[in-house]
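What follows is a set of notes on a single structure, which appears directly below.
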Amino acid sequence: MIYGGLHVASHQEILTTEHEHYSTHNCLAFRLRQHGTQVRKLRLFDKPGDVSTDRVLSVIDRSIRPETRVLGMTWVHSGSGVKLPVGAIGELYLTPTFATFSRNEDFGTIMTPGGYHAFEHRWALGEAFKLHLELGKADVQARIHQLNDYLKARLAEHRAVELVTPVSREFSAGFTFFRIKDRDPDAVAAYLNANKVMVDAVDRDAGPVIRFAPSLLNDEQQVDRAMALLRTQIG
C-alpha cells in the first residue's frame, strides 16, 4: 500500500534492494509499468554471512542521488534471516516524521494511525504485550537469540549443512536459514512438517533454503528433536 501510494515525480526514483520480499518487487514492477516510476535495486552483500555495517552503509551512501525520492528496505530479510542495521542507515540522511492527529495544512494530517485492521491480530496484541512486559522485553529478546544461537551451533556440527543466516546477533534475529548439500529443501521441509516440526522452504534472495524460527514457545529439547530428525535427511 505504501509503495503503491507514494508520489514520485517522473524525474525521481525509488531506491530499494535486491533482497526484498517478492511482494515488494511485484509492487514496484507494477509501478514501473503503470507510471514509469524509476526503480533502482542495490545489492547490500554477496553472501548473507558476509554482511557488515560498513559495507551496507557504504553501498547505500554512495547510491543515494539527488533524484532519489524514497529509500525502502526490509529490516529482517525473510529470504536469508539477515537483520539490517536500520539505526545506522537512518542516521545517513533521514529525518524522522511522526504521525499526528493535529490539524495542519500539509499531507501529514492524513498520515494518522487509521485504516483497516486485522482484528484477530489486534485482539491478541494486548495479551502479547502483557506477556512480554511480564517476562521482560530484554529477556524475551535474549531467549530468542539464545535458542537460535543453539540451533546454529547444532547445524554447524554437520559438514553437509550450509548455514546461510549470519552467526552474529548483530545481523540476525529470530530466523535461522540453512541448506543441505544435494538435498531438495522442499522435500526436507515436508519431512520435518510431517513429523510435527514446523519449518518451511524458501526460494528467494539467498534461496533455496530451509527456514527455522525457534521462539518463546520452544526449548533446547525441541531443537534437539528437530536436529535428530534432520540428521536422517543429511545422510
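Read the figures in this text as sums done on the coordinates, not as results from a lab. Note that the structure is a prediction, hence the values are computed from the model and not measured. All Cβ positions, even for glycine, are placed from backbone atoms using ideal geometry, and neighbour counts span all protein chains on display.
Between their Cα atoms, which of Lys47/Lys152; Lys83/Lys196; Lys83/Lys130; Lys47/Lys196 are more than 20 Å away from each other? Present the calculation step by step, with values, prior to reporting the outcome.
On the way: Lys47/Lys152 17 Å; Lys83/Lys196 28 Å; Lys83/Lys130 26 Å; Lys47/Lys196 31 Å.
Beyond 20 Å: Lys83/Lys196; Lys83/Lys130; Lys47/Lys196.
Counting only DSSP beta bridges with both residues in the chain, tell me the antiparallel percent, nearest 5.
Here the antiparallel bridges make up roughly 60 percent for the chain.
Can you tell me the dipole magnitude for the chain around its Cα centre, using point charges on the Cβ only (Lys, Arg +1; Asp, Glu -1), in Debye to the nearest 20?
Details: 28 positive and 28 negative charges, 56 e Å.
Dipole magnitude for the chain comes out near 260 debye.
Dipole size in debye (nearest 20) for the stretch 137-234 around its Cα centre, Lys and Arg Cβ +1, Asp and Glu Cβ -1?
Working: 14 positive and 14 negative charges, 20 e Å.
Value, rounded to 20: 100 debye.
For the chain, what is the Kirkwood hydrodynamic radius in Å, using each pair of distinct C-alpha atoms?
Numbers: mean 1/r = 0.0491 Å⁻¹.
Value: 20.4 Å, from the Cα pair sum.
Set Lys and Arg Cβ to +1 and Asp and Glu Cβ to -1, take the dipole of the chain about its Cα centre, and tell me which of His11, Pro166, Pro85 lies farthest positive.
Sorting the options by dipole projection puts first His11.
What percent do you get for the relative contact order of the chain when only Cα pairs under 8 Å and 6+ apart count? Kindly include the intermediate steps, with their values, before the conclusion.
Details: 308 pairs, mean separation 44.5, N = 235.
Across the chain, relative contact order equals 19 percent.
Restricting to DSSP H runs of at least four residues, report the calculated mean residue ellipticity at 222 nm for the chain, -39500 (n - 2.57) per run over all residues, nearest 500 deg cm²/dmol. Let's see the in-between values first.
Numbers: 8 runs with 98 residues, N = 235.
For the chain, the value works out to -13000 deg cm²/dmol.
In percent, what relative contact order does the stretch 36-96 have, based on Cα pairs under 8 Å that are 6 or more apart in sequence? Intermediate values should be presented prior to the final figure.
Numbers: 32 pairs, mean separation 18.4, N = 61.
Reported relative contact order: 30 percent.
Among His145, His35, which comes first, second and so on when ranked by fewest other beta-carbon atoms within 10 Å?
Values: His145 15, His35 12.
Taking fewest neighbouring Cβ atoms as first place, the list is His35, His145.
Looking at Leu192, Val223, Thr37, which one has the Cα that reaches farthest to the positive end of the dipole of the chain (charges on Cβ: Lys, Arg +1; Asp, Glu -1)?
Ranked along the dipole, the leading option is Thr37.
Relative contact order of the stretch 137-234: what whole-number percent is it, with Cα pairs under 8 angstrom and at least 6 residues apart?
With pairs under 8 Å counted, the relative contact order is 29 percent.
Work out the charge dipole of the stretch 1-93 with +1 on the Cβ of Lys and Arg and -1 on the Cβ of Asp and Glu about the Cα centre, then indicate which of Pro48, Trp75, Ser23 is farthest towards its positive end.
Ser23
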